[in-house]
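**Student:** I'd like to ask you about the structure that follows.
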Amino acid sequence: MTKQSKEFQNITFPTIDYETWKQEAEKSLKGKPIEKLHKQTYEKITLKPIYTKKDVQKIPFLNDMPGEGSRVRGSKPTGYLNQPWHVSQEMDLKTPEEFNPVIREALQNGQTMIHFTLQPKNGSHKGLALHTEKDIEKAFNGISLTNTPLLIDAQTDLLVFLSLLQSHVKTDSLTGTIGMDPLGILVETGQLSMKPKAAYDQLAESVEWVMDNQPNLRTILVKGEPYHNGGANAVQELAFTMGTAIEYMSELLERGLTVDQIAPRMTFSFSIGSNVFMEIAKLRASKILWKTIIEAYGGNEDSCKLYIHARTSAFTKTIYDPYVNMLRSTIEAFSAIVGGIDSLHVSAFDEPIKTPNTFSRRIARNTQSILREESFLNKVIDPAGGSWYVETLTNELAEKAWELLNEIESEGGMLEALKAGTVQERISLVLQERQKNVNNRKEKIVGTNMYANIQEKPIAYTKTKSIYESNEAVISINRISPVRISESFEQLRQASEQYLETSGERPKVGLINLGSIPEHKPRADFITGFFEAGGFQVIKNDGYLTARDAIEGAKTMNLTTYIICGKDDSYKEMATDICNDFKKSNPDVRLFIAGKLENEEFYRNVGINDFIHIGTNCFAFLHQLQQEMGVR
């Protein structure tokens, strides 16, 4: 080591106390209090701009080691070092003939777990149809099931499928999950084709069956996706998922099983959204909650281990600019891995548009390979551990979820809360808040409500059928419909494209730019992005120096809708003349001003229809304008 290197090693930075940092931060805020940087999340958690050691002093799990205590740092002492997470891409295929070559190719190129949803015998078009021994043989031809773990959502045919698969493998060496989540089906579809009692009986029988026949299989699925995809926040997804697990635990205990027989047979599945630290904290908090629940039931240490499957969010994915979905999924996969999972599905970028193909599946698989092989996420145990921010957020999430979980239990448990509609109401309120922020572009979706590219050639869209079409429901509730948060703006874009097909052009608006380029460009750029988010073609120009030039230039565009863009002073000088001329020659023309002005009433009196600024509800404005322009 050189002398210079040793000198660098001995360099230390001066310690800065919180008050000093706060004073410097408030200087940069020009005297505004530091609380201006606080942000409230959808979970009603206030995020601060900085966290210190003081924030974690009262956190009970801070000194827990991996594999010990609260299990917040994972159930395995060595994390991913000895056993990386399983690459568990779900195969959305219908027939065994389609499935076999695709899964074989995937297993040869990075996939390590077989993952699909089983198609029930009655009432659904969703899932892989494996109903006979011949189907099983075709689907798994050339695949060793004893060497490849499984993740199969058996829907309502759990016991039948277990028996069918057993006759195929003829050994007791299957691993993974072949499970059923009756409340998940009920939430996703609004109905269940059997009574809850019969569903719980089937779960109990499946646990007894695997103990005798396949001791390394889990058969109870507990899915958070139906809540997440309906718009739930992280606290709700945690509480409702754990509430479902408690429901199953209680019902199976009544059927003669023990906690230590039930808990190890459970697989939890969570969707991972785009808020990186919230999602990391959500997964870590789930382990604290499960440990607390198992201790309350008197379970042993092994029963406290939480097996977690994660899947990148369907809620966050978009139809337009779909390649951005690759970036979203990468970020979400990173959060899942750092949060500590056992298996992971990364959604293909074209998943919301059509059935993924060889290319999109490969990209999704390789996302996990890069995070493992090139980002070395499998080389660090609990990488988020020790972060004052993440540890604090984990604790706050766990506490809030526990509080909500107790509310659900006081309502009689998850099934009763679903019947009463209180779960649905809670999620609906959060979804409304999310949608409002997206519609106002306060929450940005790249390529959709921000930076839209109306010239892009979209991937051919295949409309999917309803995921459940049974007419034999025994129990029904108000379903929690899966949504994608981008759908409102996608509807605007689709209406614009339909208009293009029928009329030969997109709906158009023209900019009346006042002054030189530096004077009008900031507002003109804002307005361009605002309208392109709805599929409008924006006719631009380099600016007009006089009102007469602006009027003549705008009239050559021959449009019905214009937006005046410039500085406030140019509005005072030219807007009145522009409005007077247009309203005389064409009273029906729409004139808007870019910006939020103090004297709006004055401009309305001279003919301005409205003002467009950062606080404008972009979706509502563009939807109304499309209706007025005959764009349906």
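Every number here is computed from the coordinates shown, using simple stated rules; none is lab data. All values reported here derive from a predicted model rather than from experimental measurement. Please note: Cβ atoms are built from the backbone with ideal geometry, for glycine as well, and neighbour counts cover all protein chains shown.
**Student:** At 0.36 nm per residue, and after removing the present C-alpha to C-alpha distance, how many nm does the segment from T95 to K54 gain when stretched out fully?
**Tutor:** Full extension of this stretch gives 9.0 nm more.
**Student:** Let me ask something else about it. Only helical DSSP H runs with n ≥ 4 go in: add -39500 (n - 2.57) per run for the chain, normalise by residue count and round the 222 nm mean residue ellipticity to 500 deg cm²/dmol.
**Tutor:** -14000 deg cm²/dmol
**Student:** Kindly express, to the nearest 10 degrees and within the range 0 to 90, the angle between helix 487-503's C-alpha long axis and the longest C-alpha principal axis of the chain.
**Tutor:** Long axis of 487-503 versus the principal axis of the chain: about 60 degrees.
**Student:** Sequence-distant or interchain residues sharing an amide H contact under 5 Å with Y307, placed H: which?
**Tutor:** F268
**Student:** log10 I(q)/I(0), Debye, Cα-only the range 477-560, no solvent, q = 0.17, 0.26 Å⁻¹?
**Tutor:** Those come out to -0.78, -1.19, one per q.
**Student:** So how do E279, E443, E497 line up by other beta-carbon neighbours within 10 Å, fewest first?
**Tutor:** E497, E443, E279
**Student:** Charges on Cβ only, +1 for Lys and Arg, -1 for Asp and Glu, centred on the Cα centroid of the range 340-494; of N406, F376, Y389, which one is farthest towards the dipole's positive end?
**Tutor:** Positive-most Cα among the choices belongs to F376.
**Student:** Right, another one. Could you estimate the translational diffusion coefficient of the range 310-464 from the Stokes-Einstein equation, with Rh from the Kirkwood formula over C-alpha pairs, at 4 °C and 1.567 mPa s, in whole µm²/s?
**Tutor:** Value of D from the Cα-based Kirkwood radius: 70 µm²/s.
**Student:** Something else: Sticking with the crude label model, points 7 Å out along Cα→Cβ, report the distance from L81 to Q498 in nm, one decimal please.
**Tutor:** The modelled label-to-label distance comes out at 5.9 nm.
**Student:** So for the range 187-321, what are the equivalent ellipsoid semi-axes in whole Å, largest first, each being the square root of 5 times an eigenvalue of the Cα gyration tensor?
**Tutor:** Equivalent-ellipsoid dimensions as semi-axes: 27, 18, 13 Å.
**Student:** Note the direction-averaged projected area, equal to a quarter of the hull surface, for the Cα convex hull of the range 489-628, in nm².
**Tutor:** With the hull built on Cα positions only, its mean projection is 7.9 nm².
**Student:** Here is a further query. Principal axes first, then extents: for the Cα atoms of the range 107-193, list largest minus smallest coordinate on each axis, whole Å, largest first.
**Tutor:** Largest to smallest, the principal-axis extents are 37, 27, 22 Å.
**Student:** About the Cα centre, and with charges only on the beta carbon of Lys, Arg (+1) and Asp, Glu (-1), how big is the dipole of the chain? Nearest 20 debye, please.
**Tutor:** Roughly 1180 debye for the chain.
**Student:** Can you put D350, D525, D588, D201 in order of Cβ neighbours within 10 angstrom, beginning with the fewest?
**Tutor:** Lowest to highest Cβ neighbour count: D588, D525, D201, D350.
**Student:** List H623, H309, H613 from most exposed to least, where exposure is judged by having the fewest other Cβ atoms within 10 Å.
**Tutor:** Starting with the residue having the fewest Cβ neighbours, the order is H613, H623, H309.
**Student:** Also, I was wondering about something else. At 0.36 nm per residue, and after removing the present C-alpha to C-alpha distance, how many nm does the segment from R548 to E573 gain when stretched out fully?
**Tutor:** Between R548 and E573, full extension yields an extra 7.8 nm.
**Student:** For N147 and D201, calculate 0.36 nm times their separation in residues minus their Cα-Cα distance, and state this gained length in nm to one decimal.
**Tutor:** Additional length available on full extension: 16.4 nm.
**Student:** Right, next: Mind giving me the nanometre distance, one decimal, between the label points for S167 and I16, set 7 Å out from Cα along Cα→Cβ?
**Tutor:** 7.1 nm
**Student:** Grab the other residues whose beta carbon is less than 15 angstrom from that of A364, score K and R as +1, D and E as -1, and report the net.
**Tutor:** Around A364, the surrounding residues sum to +2.
**Student:** Label the range 526-575 by shape, choosing from rounded, prolate and oblate, from the square roots a ≥ b ≥ c of the eigenvalues of the Cα gyration tensor; if a/c is under 1.5 it is rounded, and otherwise prolate applies when a/b is larger than b/c, oblate when it is not.
**Tutor:** It comes out oblate by the Cα gyration axes.
**Student:** Further question: Report the net charge of residues surrounding G31, where surrounding means a beta-carbon distance below 15 angstrom and charges are Lys +1, Arg +1, Asp -1, Glu -1.
**Tutor:** Result for the local shell: +2.
**Student:** Please list, in order along the range 395-404, the HN-Hα scalar couplings obtained from phi with the Karplus expression 6.51 cos²θ - 1.76 cosθ + 1.60 (θ = phi - 60°), rounded to whole Hz, x for Gly and Pro.
**Tutor:** Residue by residue, the range 395-404 yields 5, 5, 4, 4, 5, 5, 5, 5, 5, 5 Hz.
**Student:** Report the charge-dipole magnitude of the range 489-628 in Debye, nearest 20, computed about the Cα centre from +1 at each Lys and Arg Cβ and -1 at each Asp and Glu Cβ.
**Tutor:** The dipole magnitude comes to about 100 debye.
**Student:** Hey, how many Å between the Cα centroid of the range 266-333 and the Cα centroid of the range 477-541?
**Tutor:** The distance from the Cα centre of the range 266-333 to that of the range 477-541 comes to 35 Å.
**Student:** Let me ask something else about it. Restricting things to Cα coordinates, could you compute the convex hull volume per residue of the range 17-91 in Å³?
**Tutor:** Spread over its residues, the Cα hull of the range 17-91 gives 204 Å³ apiece.
**Student:** Report, ordered by chain and residue number, the lysines lying within cross-link reach of K583, taken as a straight Cα distance under 24 Å and ignoring same-chain residues fewer than 8 apart.
**Tutor:** K508, K540, K555, K567, K572, K596
**Student:** Given H placed on each backbone N at 1.01 Å, which residues far from I512 in sequence or on other chains put an amide H within less than 5 Å of it?
**Tutor:** I563, I564, C565
**Student:** Put a dot 7 Å past each Cα toward the Cβ at N357 and E7; how far apart are the dots in nm?
**Tutor:** With each label placed 7 Å out from Cα toward Cβ, I get 6.0 nm.
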